[in-house]
Amino acid sequence: MRLSESLVPTLKEIPAEAQIASHRLMLRAGLVRQMASGIYAWLPVGLRVLKKIEAIVREEQDACGAQEILMPTIQSADLWRESGRYEAYGKEMLRITDRHERELLYGPTNEEMITAIMRDAVKSYRELPQMLYHIQWKFRDEVRPRFGVLRGREFLMKDAYSFDLDFSAALISYKKMLLAYMRTFQRIGIVAIPMRADTGQIGGDLSHEFHVLAPTGESGVFYDAAFESGDAFSVPYTAAGLDEFYTACTTKYAATDEKHDVEAWAAVPEARRREGRGIEVGQIFYFGKKYSESMGFGVIGADGAKVFPEMGSYGIGVSRLVGAIIEARHDEAGIIWPDAIAPFKAAILNLRQGDEKTGAICERLHEALGADGLYDDRDERAGAKFAEADLLGHPWQVIVGPRGAANGVVELKRRATGERSEVSVEEALGRVLGG
Ligand code: 5CA
């Protein structure tokens with residue numbers, strides 16, 4: 001992509017309304033713009049990041065055996081009356097009336113809808129287990145939308161739902177999702193720690209929240225340092241693999257301040273105790289027959305008797321992740337994207353726009369990098385190009401100046417470490433595309 005032809009509306013001024021770094025940086029780097037309180041438009045660079053996160057989430061959901069569907073954003077109030085949540089959900093639910101005076105709502109989550117779909121489609125125990133997911137916009141009329149996309153009103157969520165015949169099967173689904181989540185966050189390039197959690201609006205008995213560590217997080221967190229390395233996440237989705245992983249995960253201490261247990265904490269060796277703050281980027285729930293029973297979704301069991309399936313639901317805040325990653329990975333100059341979800345792998349900085357030699361090298365780099373390269377071909381001074389590349393946080397910068405160009409070399413800078421080296425064009429391409 002050529003920067004001179006792209007919509008990347010960066011800001012020099014620090015936006016007054018933004019209280020935390022990720023919100024400021026998302027506005028300054030031109031990733032998003034607020035359209036109404038808690039409602040954002042995603043601009044080209046921001047959307048690339050959102051889509052890359054979405055792609056990793058999708059691949060890992062598919063890998064654990066979940067099937068992708070797409071449910072609508074608008075739901076009927078009657079569906080929610082069946083579970084009893086229409087009244088219970090309160091003011092967070094955006095309620096809508098259509099021209100026929102029918103009551104609708106913009107979905108804050110989809111337990112009722114998926115249960116209705118399954119009730120219609122699945123009649124026998126032979127058709128279970130099933131795991132389904134979608135990636136769809138949600139709306140929650142939060143009392144205090146704040147911190148940009150971290151607590152929006154409209155936000156993108158991946159939500160999955162599992163249906164099993166009994167508790168032990170439901171626990172396998174729960175473990176699969178827990179493992180899928182750890183692999184997802186590891187691939188994205190962040191540490192997210194699974195913590196025992198309360199179940200809130202969704203209800204149920206067993207729940208984990210996944211927290212990205214950042215000083216501005218809304219929750220206080222306590223965890224075992226062993227969570228900082230991700231060894232057990234490479235186990236396979238077999239019964240033995242899931243058990244090994246689940247035991248490793250749940251025997252180590254990790255809790256938000258709501259669930260903090262002072263006695264259990266004291267039993268963690270002092271050198272391994274870590275305290276900090278976390279941003280919740282996902283939550284998973286096992287809630288048994290809560291929705292299947294209340295909405296009358298039963299299947300015929302092996303003995304001919306009716307069985308209400310055991311359910312779980314599993315959310316990832318896809319749009320929140322963009323903010324959480326920036327919150328965890330930035331410096332004074334700007335964003336530091338992990339390689340896997342960076343909008344571009346590298347920026348190509350032409351330090352003398354109009355020069356024949358720098359121009360030829362930049363064109364060659366731009367062509368070879370394809371969609372992974374952002375070519376800063378603007379008629380701007382070098383300082384402005386450096387600052388913009390640091391702000392946008394590309395993992396690599398390939399800096400093409402007239403002195404190097406005369407000798408066929410470029411400067412390669414790694415954003416995360418600031419490390420610079422002079423290399424040939426070929427070597428720069430190899431390092432950017434290889435790592
Ligand atoms: N139905 C369940 C799981 S599918 C559910 O709704 N869970 S949730 O309420 O925990 O939401 C899932 C994830 O969505 C959260 O972990 C969080 O990362 C994200 N999320 C929730 N509310 C917001 C919000 N207002 N803005 C941005 N992301 C949000």
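The values are calculated or read from the model by the stated rules, or taken from the named source; none is laboratory data. Note that this is a predicted model, so its numbers are computed, not measured. Cβ placement follows ideal geometry from the backbone for every residue including glycine, while neighbour counts extend to all protein chains displayed. With ligands, DNA and RNA removed, areas are computed over all heavy atoms of the protein, side chains included. Shrake-Rupley method; radii C 1.70, N 1.55, O 1.52, S 1.80 Å.
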Could you check how much of the accessible area of the chain is carbon and sulfur, as a whole percent, using a 1.4 Å probe? 50
Rolling a 1.4 Å sphere over the protein heavy atoms, what is the accessible area per residue of region 3-335, to the nearest Å²? 43
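Can you give me the Kirkwood hydrodynamic radius for region 344-433, using every pair of distinct Cα atoms, in Å to one decimal?
12.5
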For S234 and T97, what is the calculated FRET efficiency with R₀ set at 41 Å and r taken between the beta-carbons, to the nearest 0.05? 0.20
Residue-normalised accessible area of region 344-433, given per residue in Å² at a 1.4 Å probe: 44
For D339 and K12, FRET efficiency with R0 = 22 Å and r from the beta-carbon atoms, rounded to 0.05? 0.20
Separation of the T250 and A264 label points, Cα + 7 Å toward Cβ, nm: 1.1
Within region 396-435, list the residues whose amide N lies under 18 Å from a label point set 7 Å along Cα→Cβ of R2. 400
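Based solely on its DSSP helices, what 222 nm [θ] is calculated for the chain when runs of n ≥ 4 H residues each add -39,500 (n - 2.57) and the sum is averaged over all residues, nearest 500 deg cm²/dmol?
Roughly -10000 deg cm²/dmol at 222 nm, from the helical runs in the chain.
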Using the basic label-point model (7 angstrom from Cα toward the beta carbon), what is the S168 to D303 distance in nanometres? 1.5
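Using only Cα atoms, what is the ratio of the radius of gyration of region 90-140 to 2.2 N^0.38 Å?
1.48
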If r is the Cβ-Cβ distance from I117 to A360 and R0 is 56 Å, what FRET efficiency results, to the nearest 0.05? 0.45
Extension gain, D331 back to S124 (0.36 nm per residue minus Cα-Cα distance, nm): 69.0 nm
Between the Cα axis of helix 239-251 and the main Cα principal axis of the chain, the angle (0 to 90°, nearest 10) is 80
If you average the C-alpha positions of region 287-315 and of region 79-123 separately, how far apart do those two centres end up, in angstrom? 18
Relative to the longest principal axis of the C-alpha atoms of the chain, give the angle of the C-alpha long axis of helix 44-63, reported between 0 and 90° and rounded to the nearest 10°. 40
Taking Cα atoms only, helix 167-188 is inclined relative to the longest principal axis of the chain by an angle, in degrees rounded to 10, of 10
Per the Cα gyration tensor, region 3-335 corresponds to an equivalent ellipsoid with semi-axes, largest first in Å, of 32, 27, 18
13 Å cut-off, amide nitrogen to a point 7 angstrom out along E275 Cα→Cβ, residues in region 178-222: 220-222
Net charge over other residues, Cβ less than 12 angstrom from the Cβ of F308 (K, R count +1; D, E count -1): 0
